[in-house]
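Worksheet: one structure, shown below.
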Amino acid sequence: MISRFEPDPSAAGYLYVHVADHIAERIEAGELKGQLPGERDLTEEYRVSLGTMRNAIKELRKRGLIETYHGKRSFIVPKS
């Protein structure tokens, strides 16, 4: 199990990238499968703003780890 996300104020880079990295680790470890939790649920879990979480989700889409369908949640792309 991946450890809980703790933001490091001294870490370089944007917070949303660190959040995306942590979620990506959870996906790779198989901890998250199928449907990604909703933005608000992730916002509460990661204790970040909704804007930060939305940017993290965009980053995960850019990496090809998730797909988002209009009006629905994001889904994890199965490994090929």
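With all distinct Cα pairs included, what does the Kirkwood hydrodynamic radius of the stretch 40-80 come out to in Å, to one decimal, could you say?
Numbers: mean 1/r = 0.0922 Å⁻¹.
Roughly 10.8 Å, rounded to one decimal.
Using R₀ = 30 Å, calculate the FRET efficiency as 1/(1 + (r/R₀)^6) where r is the Cβ-Cβ separation of residue 3 and residue 39; round to 0.05. Write down the numbers at each step before the final one.
On the way: r = 22 Å, r/R0 = 0.74.
Efficiency computed from Cβ-Cβ geometry: 0.85.
Over the C-alpha atoms of the chain, what are the Rg and the largest Cα-to-Cα span, Dmax, in Å?
12.0, 37
Which net charge results when you count Lys and Arg as +1 and Asp and Glu as -1 among the other residues whose beta-carbon is under 11 Å from that of residue 61?
Details: positive: 54, 58, 62, 63; negative: 59, 67.
Taking every other residue near residue 61 into account, the sum is +2.
Bear in mind these aren't lab numbers, they're just calculated from the coordinates by the rules spelled out. Note that the structure is predicted; figures quoted are calculated from it, not measured. Using ideal geometry, Cβ is built from the backbone for each residue, glycine included, and neighbour counts are taken over all protein chains shown.
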